[in-house]
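Derivation of every value follows stated rules applied to the coordinates shown; laboratory data play no part. Just so you know, these numbers come straight off a predicted model, no measurement behind them. Cβ sites come from the backbone with ideal geometry, for glycine too, and all protein chains shown count toward neighbours.
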């Protein structure tokens, strides 16, 4: 056993059983091109070492020879290509394909996100537009205890009035009724984009209360004659 050649021993084992290469392919699952490479001694055409060892084990079970002895003879004859430092078969031969698909899917999602960000960079990062349509002027004087604030912002803008979130419709319009206190009221309107800066506008509204007019009571005086106490007038 020490001096035989692997390829010659494999040929003898096939002939001794009276089988053929095609029959071995069907019974062992080893590809025909790999069996022919072993028979011809063309070891450079074989896959890495763990696979070759698996082929020999299957052939040994089918042809009835001691696979481990034949494997040692094969290793003496040639130095098969190694698949790695530990020469271990992967648990799943299709795992690499799966991870490659996940990798390309992740790259595709990143590409779509980058494309979206590129076309919407102004919406995401720019300074939002903000216009107050009412009141238009500053230092507005009103005589009612409430006022309606109206305005418009650009796409993607979030509005707060005095720190309170305000609904913005699809056209960017918003409105909010505020209660006023007597005197000067400071109204602060802020527009902010998702990842961008803020735009702030401030309005001063003066609420002047109307005081009801008060009537002065009328005092009626009557001149009394000094003789009236003595001689009452009837």
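Our summary gives the range 144-196 a relative contact order of 46 percent, counting only alpha carbon pairs under 8 angstrom and 6 or more residues apart.
Starting from the exponent 0.38 and prefactor 2.2 Å, build the expected Rg for the range 6-77 from its residue count and divide its actual Cα Rg by it. The partial results should precede the final answer.
Values: Rg = 10.8 Å, N = 72, 2.2 N^0.38 = 11.2 Å.
The value comes to 0.97.
Extending 7 Å from Cα along the Cβ direction at residue 76 and again at residue 27 yields two label points whose distance is 2.7 nm. Label sites at residue 101 and residue 208, each approximated as a point 7 angstrom past Cα along Cα to Cβ, lie 7.7 nm apart.
With a simple spin-label model that places each label point 7 Å from the Cα along the Cα-to-Cβ direction, the separation between residue 115 and residue 144 comes to 5.2 nm.
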